[in-house]
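First comes the structure, then the notes that go with it.
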Amino acid sequence: MTSEGKPDTEKPVVEPSISEKSDIDLYSFHEQAAGRLVIDPEEARVEFGEAVASRLKLSRDGTKVLWPQPTDSPDDPQNWSDRRKSLLLIIVTLAAIVPDFDSGIGIAAIFALAEQYHTTPNNINNLTSNWSIFLLGWGGLTAVMAIRRLGRLPVLFWSQLLALGFLVGCTFAPDLKTFTAMRCLTAFFGTAPQVTGLYIVTDLYPFHLQARMLNFWTMGFIISPFLSPFAFGFLVARTSWRWAYGIGSMYGLIVVLLIAFFMEETMYDRNVRPIPDRPTTGLRYRIESLVGLTGLKMQKYRISWAESIISPFHVVWRPHILGVLFFEALLFGFGIGINVTNAVFLGSPPPVGFAWSPFAIAGGYGTPIVGVILGELAGRFLNDFIMNTSIRRNKGVFEAESRLWACYVAVPLYITGFVVLGAAFQKHLSPGAIVMGWGLAEIAIMLNTTAVYAYCNDAFPKHQGEVSALINLARTLGGFAVAYFQVPWAEKNGALQTFGVEAAIVAGLFLLIVPPLQLKGRALRKKFSLH
């Protein structure tokens, strides 16, 4: 037996593939199972037979079978130390903050940008914020096509380097057209960590730890669009908006340096027989992996470019992911909408807004930050509780649909948050009402998004990148256009109707999609999953 952080010290297993029942490749069995995993060692003896079960590597406490099964190689990321894994997870989470953090700088600077370029705040939103959000999704889809061929590290490095260059372009843009182009290109290239993270989490951690680590990584990109309005709202109120983009560029530079000096390639071709060795070693391997030369050498072991490009389209139409993508698109999308438009609601004069000062608006963006952190802490325990309870009830077997029980907690919080926030804007209630409504909405988005990522990852264990890219695309397509209609709708019919209808749409989709998926998901996985 081995821990998830230590290589096995017993005699190496060359081909752990024969049981009393059939041939089983333990290194790729978790992908063949597609959402149904035997976690309890006793149940493994029943299902696989004693010969195979005796070879299974278990968690440190001996209570859970590790999926994927670690190999005996020290190059296998599953065998790396906890400290090494944690460092890589922190770096990719800091990188995942970059795209929405950069996009959110425009929220803090919206009134200053309108003044600089002699236009209105709504026009700035429509030209820059909305289209940059739109391109976040398509950038992630493009990135994952390259990751399947070249690896995680070079795509992460080059995407962040290019995003940094375009953000510097935003900082010094002489006119609105240049600023718009630079901001959109920043979003397109910067979004790679928001799809790379799911790959890296599953590369590093066994199944029973993945939801907890996904919760941490997800927190990074959910909290990121609020960090920049919160931090830079105070700055822009005192000095030029260009300083906000300049400091954002400094953060991007820090991320690029962390990737260059400390990030490692986690892609491990465990499905190839025999598993290929690294083409080089030492510093040369480090440099070649960073710039992509190692990925070019390893392409012969991986799927073709044509398969890599078409793979997301093979995944997206599967019924057990299509519905949940649509549900997450609108749930997260309306959340993006309130992030973009709340600055307008808070800063506009009555009767639409509160006429808050730039300092007060910046302080208001502390609310969703606290909400996301609370959601991360709650999700950390909720997802583990759901997983462990499900395994016990299923006699040691985990079924992917149990992940969706977290949605039953998230959706009522979401409805409450949106209704309270709408009432606060329409009735001009106290700031406490805004804080409660906005905070509850963000807790719900955090809980629900982690559940969706975990479910889709479990249901398509061979296609983490495609899953991540499709969820990223869904949430951006669901949210980029909300700012176009949210403020005009509230001006005409009141914010309570606007936010109430949005919450009702999400509740309706939840009832139409999640319970039926839990009932029929296992059959759909058997019929439509990709192995």
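The values are calculated or read from the model by the stated rules, or taken from the named source; none is laboratory data. None of the values given here were measured: they were computed from a predicted structure. Positions of Cβ are generated from backbone atoms using ideal geometry, with glycine treated the same way; all protein chains shown enter the neighbour counts. Calculation scope for accessible area: heavy atoms of the full protein, side chains included, ligands and nucleic acids excluded. Shrake-Rupley method; radii C 1.70, N 1.55, O 1.52, S 1.80 Å.
In region 110-155, what count of residues is obtained for those that are modelled with pLDDT of 90 or more and on the phi > 0 side of the Ramachandran plot?
Total satisfying the criteria: 1.
Answer yes if at least one residue in region 412-421 is assigned to a helix (DSSP H, G or I), surrounded by fewer than 24 Cβ atoms within 10 Å (Cβ to Cβ) and touching a residue at least 60 places away in the same chain (Cβ under 8 Å), and no otherwise.
Checked against the condition, which is being assigned to a helix (DSSP H, G or I), surrounded by fewer than 24 Cβ atoms within 10 Å (Cβ to Cβ) and touching a residue at least 60 places away in the same chain (Cβ under 8 Å), region 412-421 yields at least one hit.
Would you pick out the residues in region 332-391 that are acidic (D, E) and over 26 Å from E502 (Cα atoms)? Can you show your working first?
Taking region 332-391 first, the residues acidic (D, E) are 376, 384.
Residue satisfying the conditions is D384 alone.
Can H463 be described as open to solvent by 10 Å² or more (accessible area, probe 1.4 Å), of a type outside the set (A, V, I, L, M) and within 30 Å of I303 (Cβ to Cβ)? Before you say what the answer is, go through the steps one by one.
Values: open to solvent by 10 Å² or more (accessible area, probe 1.4 Å): yes; of a type outside the set (A, V, I, L, M): yes; within 30 Å of I303 (Cβ to Cβ): yes.
Considered against the rule, which asks whether it is open to solvent by 10 Å² or more (accessible area, probe 1.4 Å), of a type outside the set (A, V, I, L, M) and within 30 Å of I303 (Cβ to Cβ), H463 comes out as yes.
What's the number of the only condition in (1) open to solvent by 10 Å² or more (accessible area, probe 1.4 Å); (2) in contact with a Ser or Thr (Cβ under 7 Å, 6 or more places away or on another chain); (3) within 28 Å of S308 (Cβ to Cβ); (4) of a type in the set (A, V, I, L, M, F, W, C) that L470 fails to meet?
(2)
Please specify each residue of region 241-268 satisfying the condition of being open to solvent by 20 Å² or more (accessible area, probe 1.4 Å), of a type in the set (A, V, I, L, M, F, W, C) and part of a helix (DSSP H, G or I). Full working, then the answer.
Keep residues of region 241-268 that are open to solvent by 20 Å² or more (accessible area, probe 1.4 Å), which gives 242-243, 247, 250-251, 253-254, 257-258, 260-262, 264-265, 267-268.
Those still in the list that are of a type in the set (A, V, I, L, M, F, W, C) too: 243, 247, 250, 253-254, 257-258, 260-262, 267.
Across region 241-268, the qualifying residues are W243, I247, M250, L253, I254, L257, L258, A260, F261, F262.
Looking at V452, V467, V435, V409, which is the one that is closer than 30 Å to S348 by Cα and outside any loop (DSSP other than H, G, I, E, B)? Full working, then the answer.
Numbers: V452 fails: closer than 30 Å to S348 by Cα; V467 fails: closer than 30 Å to S348 by Cα; V409 fails: closer than 30 Å to S348 by Cα.
Matching residue, one of V452, V467, V435, V409: V435.
Yes/no per residue for (1) at pLDDT 90 or above; (2) open to solvent by less than 10 Å² (accessible area, probe 1.4 Å); (3) of a type in the set (A, V, I, L, M, F, W, C); (4) under 19 Å from P461 (Cβ atoms):
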position	(1), (2), (3), (4)
R55	no, no, no, no
D61	no, no, no, no
W67	no, yes, yes, yes
D72	no, no, no, no
Q78	yes, yes, no, yes
D82	yes, no, no, no
S86	yes, no, no, no
I90	yes, no, yes, no
A96	yes, yes, yes, no
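Within region 479-510, how many residues turn out to be at pLDDT 85 or above and closer than 25 Å to V316 by Cβ?
7
Give the residues of region 220-240 that are polar (S, T, N, Q) and assigned to a helix (DSSP H, G or I), sorted by residue number.
Of all residues in region 220-240, those polar (S, T, N, Q) come to 224, 228, 239-240.
Those that are polar (S, T, N, Q) and assigned to a helix (DSSP H, G or I): S224, S228.
Can you name every residue in region 476-503 that is of a type in the set (V, I, T) and without any contact (Cβ under 8 Å) to a residue 40 or more places away in the chain? Steps first, please.
To start, the set of residues in region 476-503 that are of a type in the set (V, I, T) comprises 476, 482, 487, 498, 501.
The one that is of a type in the set (V, I, T) and without any contact (Cβ under 8 Å) to a residue 40 or more places away in the chain: V501.
Out of curiosity, is L440 over 30 Å from R152 (Cα atoms) and not in a helix (DSSP H, G or I)? Outline the logic, then answer.
Values: over 30 Å from R152 (Cα atoms): yes; not in a helix (DSSP H, G or I): no.
No: the conditions fail for L440.
Given the options T202, T171, T196, T178, name the one that is in contact with a Gly (Cβ under 9 Å, 6 or more places away or on another chain), surrounded by 22 or more Cβ atoms within 10 Å (Cβ to Cβ) and among the β-branched types (V, I, T). It would help to see each step written out before you state the result.
Working: T202 fails: in contact with a Gly (Cβ under 9 Å, 6 or more places away or on another chain); T171 fails: surrounded by 22 or more Cβ atoms within 10 Å (Cβ to Cβ); T178 fails: surrounded by 22 or more Cβ atoms within 10 Å (Cβ to Cβ).
Step by step, each of T202, T171, T196, T178 is checked, and only T196 is in contact with a Gly (Cβ under 9 Å, 6 or more places away or on another chain), surrounded by 22 or more Cβ atoms within 10 Å (Cβ to Cβ) and among the β-branched types (V, I, T).
Could you list all residues from region 210-240 that are of a type in the set (S, T, Y) and open to solvent by 40 Å² or more (accessible area, probe 1.4 Å)? Please lay out each step first, then the result.
Initially, region 210-240 is screened for residues of a type in the set (S, T, Y), giving 218, 224, 228, 239-240.
Scanning region 210-240 gives T239, S240.
Here's a check for you: in region 289-344, which residue that is open to solvent by less than 60 Å² (accessible area, probe 1.4 Å) and either in contact with a strand residue (DSSP E or B) (Cβ under 8 Å, 6 or more places away or on another chain) or not in a helix (DSSP H, G or I) (or both) is nearest to I434 (Cα to Cα)?
R318
Which of the residues spanning region 347-375 are of a type in the set (A, V, I, L, M, F, W, C), in a helix (DSSP H, G or I) and in contact (Cβ under 8 Å) with a residue 40 or more places away in the chain?
Filtering region 347-375 down to residues of a type in the set (A, V, I, L, M, F, W, C) leaves 352, 354-356, 359-362, 369-370, 372-374.
Add one more test, that the residue is in a helix (DSSP H, G or I), and what stays is 359-362, 369-370, 372-374.
F359, I361, A362, I369, V370, V372, I373, L374 - these are the residues of region 347-375 that are of a type in the set (A, V, I, L, M, F, W, C), in a helix (DSSP H, G or I) and in contact (Cβ under 8 Å) with a residue 40 or more places away in the chain.
Please verify whether F345 is among the aromatic types (F, W, Y) and touching a helix residue (DSSP H, G or I) at 6+ places or on another chain (Cβ under 7 Å), treating the condition exactly as stated.
Details: among the aromatic types (F, W, Y): yes; touching a helix residue (DSSP H, G or I) at 6+ places or on another chain (Cβ under 7 Å): yes.
When the stated conditions are applied, F345 passes them.
Of all the residues that make up region 491-531, how many are under 24 Å from the mean Cα position of the chain (by Cα) and part of a loop (DSSP other than H, G, I, E, B)?
Result for region 491-531: 3.
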